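Structure, as structure tokens:
The values are calculated or read from the model by the stated rules, or taken from the named source; none is laboratory data. Everything numeric here is computed off the predicted structure, so don't read it as measured data. Cβ sites come from the backbone with ideal geometry, for glycine too, and all protein chains shown count toward neighbours. Only protein heavy atoms, including side chains, enter the accessible area calculation; ligands, DNA and RNA are left aside. Shrake-Rupley method; radii C 1.70, N 1.55, O 1.52, S 1.80 Å.
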Amino acid sequence: YVDPSASGAASRKLAAAGSYDGNIGLYDSDTGEEVTTLDGPTDVEFLCWHPKGGTVLLAGSTDGTAWMYHAPTSRCLQVFVGHESGDGGGGGVSAG
């Protein structure tokens, strides 16, 4: 995730790490400092940044749910349910 400043220059790069306890850590990729922790699904199976802009993070779980977050506000925007099994990688996420 790159947060554009008013000048259009990158001001922050974030890296995300999920765990099997349902926590998703967002870290400053330059310093390694933890910025925030998101409450997520149990058994985080994959994390995937949206390819356009990188402010949306998708977290998939072995329970068949996918959670969509807005990284700048640390808000969960949507939880997608109804899949019969965990996705295992988010490979079906399109760029559109």
(request) Mind listing whichever residues of region 54-73 are in contact (Cβ under 8 Å) with a residue 24 or more places away in the chain, open to solvent by 50 Å² or more (accessible area, probe 1.4 Å) and closer than 22 Å to residue 35 by Cα? (result) 67, 72
(message) Condition first: open to solvent by less than 60 Å² (accessible area, probe 1.4 Å), within 17 Å of residue 15 (Cβ to Cβ) and outside any strand (DSSP E or B). Now tell me which residues in region 42-52 satisfy that.
(response) 50
(request) Looking only at region 19-41, count how many residues are open to solvent by 30 Å² or more (accessible area, probe 1.4 Å), within 15 Å of residue 61 (Cα to Cα) and not in a loop (DSSP other than H, G, I, E, B). (result) 2
(request) Answer with yes or no whether residue 13 is modelled with pLDDT under 85, open to solvent by 40 Å² or more (accessible area, probe 1.4 Å) and assigned to a strand (DSSP E or B). (result) yes
